[in-house]
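A.B. asks: If you scroll down you'll find the structure; I have some questions about it.
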Amino acid sequence: MSENAAPASAVAELADADERRREIDARIEEYGESTVESVADAYDRATGLLARYEEQATGTGRQNFQKFVEFKAEFGSFVEELSEDLPAYDAFDAAGDRFDKNRLNERDFELAREDLEPAAEIAGLLEDRAEALDRYREHRHAVRDALEGVGEEIADRERLLELGDADLDAPVEEIREPIEAYNDAVTEAFDEFRRNASARAVLDFVAVTRDYPLVEFREPPERLRAYVADSEAGEKPVPELLELSGYSNSKLDHYVEAPAALKRAVATNETYLERLDAAPLRLDWPPRSAADLRWRTDELVSVVGRFAPEDVVADLRAVQTAVRDADRFERLRTAAIAAEQLSEAEREKIERGAVERELDELRSRRERLEDALEDHPNR
């Protein structure tokens, strides 16, 4: 199915489902809801009697004859109680006439069920309505999903056009160079901090960053944090602590007071310690928007200054300076993203106007889907 056909099909199926739902509603309204419910109740009672007595009332023994008499009386009373104004009354009456004989067989019950089919059709309207409403809601959901998909495609094409307007000769080094300088500096500083500071100091630092939501370090495991906080081994750097965790308990006896405690706290959290690096402190390239970067660098200044030399913080402030002129930053950022993300094929599509044509078609498709949802409201 083509991209155009999928939304068109969803709209057509929704319209069909709504028409079916309206047809059933009209039939129920023609009879009246309570009347349809009365027919449904009568049909359930009739078919219940047929199912309960069919096997016993069609035999030849004395007991079967008693059941035959009992069945005739019950079914006859049931029909007599019905109002002759009830739709499909004749169906119940005809079914009752099938049993006005001295002996019954399975064919009599089969024919009685056929007689009841007009009543079954009316009784089934309530279930048909519920099923039609379910189908209507399913198809409306499909249209809503199609609308969401078209919206994403429109955003994608609009982004392509925005990137296509970018000046690929723009001096993106104005923003790339300070970001790269900061990233290199903070990575080196954190590696040195992790390599030389105590594990206690490193984990205390990471724990503090939870107050800075834009600096997304994973919080230290509680057992590990408690161990390095309370034990003498917590004064050792992270690499040395990891090395010790690989020793046997007998060898560890020469280095720490409680080898088993170190094993429980450190060996079980080796992956966390090994993956602890400067990634949450680095800036993305291509960069985030000027507004996002401004908030993030403000937090990073407070965080990085806790462990890094002043020159690293100075590199970060250089990034803040580059972001200060938000309009120019966004132009350079768009150029950087275009250079990084826009393929040659996409550039060619933009140049020959194919993206704009796609965008026009997608917007028309969106309008048709929106109209369909408006014409067929939620029920």
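Taken together, the values in this text are just the output of simple stated rules run on the coordinates, not laboratory data. If you're wondering where the values come from, they're calculated on a predicted model, not measured in any experiment. Every residue, glycine among them, receives a Cβ derived from its backbone with ideal geometry; neighbour counts consider all protein chains shown.
A.B. asks: Taking the Cα centroid of the range 122-195 and of the range 254-325, what is the distance between the two, rounded to the nearest whole Å?
C.D. replies: Using only Cα atoms, the two centres lie 27 Å from each other.
A.B. asks: Just for the Cα atoms in the range 195-258, what are the lengths along the principal axes, largest first, rounded to whole Å?
C.D. replies: Computed over the Cα atoms, the extents are 43, 21, 16 Å.
A.B. asks: Size of the dipole of the range 173-340 about the Cα centre, Lys and Arg at +1 and Asp and Glu at -1 on the beta carbon, nothing else charged, in debye to 20?
C.D. replies: On the way: 23 positive and 34 negative charges, 92 e Å.
Value, rounded to 20: 440 debye.
A.B. asks: Loop-only trypsin sites (Lys or Arg not before Pro) in the range 91-127, please: DSSP not H, G, I, E or B, and at most 15 other Cβ atoms within 10 Å. Walk me through the numbers before you get to the answer.
C.D. replies: Numbers: sites: Arg98, Lys101, Arg103, Arg107, Arg113; in loops: Arg98, Lys101, Arg103.
For trypsin sites (Lys or Arg not before Pro) across the range 91-127 that sit outside H, G, I, E and B with at most 15 neighbouring Cβ atoms in 10 Å, the list reads Lys101, Arg103.
A.B. asks: Could you tell me the convex hull volume per residue, in Å³, taken over the Cα atoms of the range 32-123? It would help to have the intermediate numbers written out before the result.
C.D. replies: On the way: hull volume 6.7 nm³, N = 92.
Residue-normalised Cα hull volume stands at 73 Å³.
A.B. asks: So what's the convex hull volume per residue for the Cα atoms of the chain, in Å³? Could the numbers behind the result be given before it?
C.D. replies: Details: hull volume 112.0 nm³, N = 379.
Each residue corresponds to 295 Å³ of Cα convex hull volume.
A.B. asks: Could you tell me which helices of the chain pass both thresholds, a Cα extent of 30 Å or more along their own axis and a mean Kyte-Doolittle hydropathy of at least -1.0, with helices taken as whole DSSP H runs? Before the final figure, lay out the partial values.
C.D. replies: Working: long enough: 5-31 (39 Å, -0.68); 33-57 (36 Å, -0.58); 125-164 (57 Å, -0.85); 173-196 (34 Å, -1.16); 354-375 (32 Å, -1.45).
What comes out of the filter, once short or polar helices are dropped, is 5-31, 33-57, 125-164.
A.B. asks: Looking at the chain, how many pairs of lysines come closer than 21 Å at the Cα, when each pair is eight or more places apart or spans two chains? Mind showing how you got there, number by number?
C.D. replies: On the way: Lys67/Lys101; Lys72/Lys101; Lys236/Lys251; Lys236/Lys263; Lys251/Lys263.
Count of close lysine pairs: 5.
A.B. asks: Sorting Tyr53, Tyr272 on the 10 Å Cβ count, fewest up front, what's the list?
C.D. replies: Numbers: Tyr53 20, Tyr272 16.
Sorted ascending by nearby Cβ count, the order is Tyr272, Tyr53.
A.B. asks: Please state the charge dipole magnitude for the range 32-123, taken about the Cα centre, from unit charges on C-beta atoms (+1 on K and R, -1 on D and E), reported in debye and rounded to the nearest 20.
C.D. replies: Details: 10 positive and 23 negative charges, 153 e Å.
For this selection, approximately 740 debye.
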